[in-house]
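Structure first, commentary second.
The values are calculated or read from the model by the stated rules, or taken from the named source; none is laboratory data. Please read these numbers as outputs of a predicted model, since none were measured by experiment. Every residue, glycine as well, gets a Cβ built from its backbone with ideal geometry; the counts of neighbours run over all protein chains shown. Side chains are part of the model used for accessible areas, which takes the heavy atoms of the whole protein and leaves out ligands, DNA and RNA. Shrake-Rupley method; radii C 1.70, N 1.55, O 1.52, S 1.80 Å.
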Amino acid sequence: MQSAKKILILGGGFAGISVLQELESSFKHNDNVQITLVNEDNFFLFTPMLPELASGMIRPSAISIPLRMVCKKTEFIQAKVSSIDLKSKLVAITRPFDGMVKVLSYDYLVIAMGGTTNFFGNKKIEKHAFTIKTIQDAIGIKTHLIHMLEIADTEKNPALQEKLLTVVVVGAGFAGVETIGELNDFVRDSVKSYYHNINPENIRMILVSAKDTILPELGEELGKKAYESLQKAGIRIIPNTKAVDAGEDFVFLGNGETIPCDTMIWTAGVTIDSVITDLDCEHKSGRIAVDQYLKLANDDTVFALGDCAAITDTKTGGLYPPTAQHALRQSKIVSHNLKSTILGKVDLKPFNFESKGMMAIIGKRDGIAKISGYSLTGLPAWLIWKTYYLMMLPTFEKKLKVAMDWTVNSLFTRDITLVRKIKRKSVNHLDGIESLDQVLFRSEAQAKTN
């Protein structure tokens, strides 16, 4: 009897889940194919809506789907991928609960592992900054901000109240812009409704951009409009500079400015997991280099897609961007080519995709979009964003939950209930008194100068 072909999928994001669903449909009645999915979390996360989770607009359960719900024929293993041996066709995985290591063999491998946050080696920023890539990140930001609001409401010192209410978001791409827009609405609406001892003038929302504009992916004209809309909403934008250091209660910028704050959110970089960069294969910018069929050039049994894959756009010569819409299109090509390879057919399809557009929400009923060459701003762009991402949610249940959350939170104020504790932070109560981190930082800077 012929042994079953083993397909191993690494990663449960947009790319991995889409490949899995396509393969399950194709091999639904074929017992000679076994599919295994490995992912560190036991759920799929709809990442485009994380900023809305951080602002309390939606609930965690609305944008997370247990992977076992979609694994009808597939075996699911919750574990972290430790290493991949392409020559031996083996993958080592580590169980998060107790660190137990297991080795899986495969006949065909699909690598769809996403990226991780890149702090560019800055350990202080890594220590003190929030990130927004996971459910835990988003919940942590919301919880922290509610704590800041509670403390600020009882604080009589205006300078300290301002520092408590200062939020610095570093990175002016889609994640950074959407995050600062959502948090700006959340904090200002909460102050207006609940925190009557807070002076709204003390709320400082700051977006730090390394370039002279924001949302560079949308072009100069739309970037300028988004820039103006955020400023109108009370957000300060600092262009052409980077955050170079940070402490518990300050951010130091490359232009020499120190911003006293208790909240910094880092969205300025993504890097590839070392499991991917250490692979014995060709890489481009740290990502796995694949051919037009999304497989390794010298190995017809290994496919890669999503954030970890370097896919050349034959029209421009550059690499396709690591976005959800590209991952979804790539998954159809990988699924088709993998099925054709297993069945011994020779009708592989190349990947060619031209983005239909990009869009972002930048505040309450305010958005910006470029779709099929047409530019949209304001309410129309906001509505298109909402409609598109609502339709992209994988199940009717999640669509209904998100729609209900949006409706309720548009009619009523958002919930400010504290549901978890946060790490205790020290706060200075005297004007002109620097924190220990600030003193040490300035001492180090002076020493380097001398």
### Query
Rounded to the nearest whole Å², what accessible area per residue is found for segment 59-217 with the 1.4 Å probe?
44
### Message
Compute, for the chain, the length of the dipole vector about the Cα centre, with Cβ point charges of +1 (Lys, Arg) and -1 (Asp, Glu) only. Units Debye, rounded to 20.
### Response
900
### Query
Listed here are the pairs LYS28/LYS386; LYS211/LYS364; LYS225/LYS284; which of them are more than 30 Å apart at the Cα?
LYS28/LYS386; LYS225/LYS284
### Message
Compute the orientation-averaged projected area for segment 154-259 from the convex hull of its Cα atoms and round it to one decimal in nm².
### Response
6.8
## Note on the structure
Of the listed links LYS102/LYS123; LYS295/LYS349; LYS224/LYS399; LYS156/LYS242, those spanning more than 22 angstrom between alpha carbons are LYS102/LYS123; LYS224/LYS399; LYS156/LYS242
### Query
If you average the sequence gap of Cα pairs under 8 Å that are 6 or more apart and divide by the length of the chain, what percent do you get for the contact order?
17
### Message
If I take all pairs of Cα atoms in segment 48-92, what percentage of them are more than 16 Å from each other?
### Response
63
### Message
If you fit an axis through the alpha-carbon atoms of helix 220-232 and take the longest principal axis of the Cα set of the chain, what angle between them do you get, 0 to 90°, nearest 10?
### Response
40
### For segment 148-225 and segment 335-376, distance of Cα centres in Å
32
### Task
Against the globular-protein guess of 2.2 N^0.38 Å, express the Cα radius of gyration of segment 1-148 as a ratio, rounded to two decimals.
1.22
## Note on the structure
Within the under-14-Å Cβ sphere about GLU282, not counting GLU282, Lys/Arg +1 and Asp/Glu -1 give a net charge of -1
### Query
In degrees between 0 and 90, to the nearest 10, how far off the longest principal axis of the chain does helix 436-449 point, with axes built from Cα atoms?
80
### Summary
Computed over the chain: longest principal axis from alpha-carbon atoms vs helix 14-26 long axis, angle to nearest 10 degrees, is 30
### Query
To two decimal places, what compactness ratio does segment 2-55 give when its Cα radius of gyration is scaled by 2.2 N^0.38 Å?
1.44
### Measure of compaction for segment 123-201 (Cα Rg per 2.2 N^0.38 Å)
1.14
#### Entry: Calculated P(r) of the chain - Cα pairs past 31 Å, %
46
### Surrounding net charge for PRO321, when Lys and Arg each add one and Asp and Glu each subtract one, Cβ distance under 15 Å
+2
#### Entry: Cα centroid separation - segment 1-35 against segment 266-295, whole Å
23
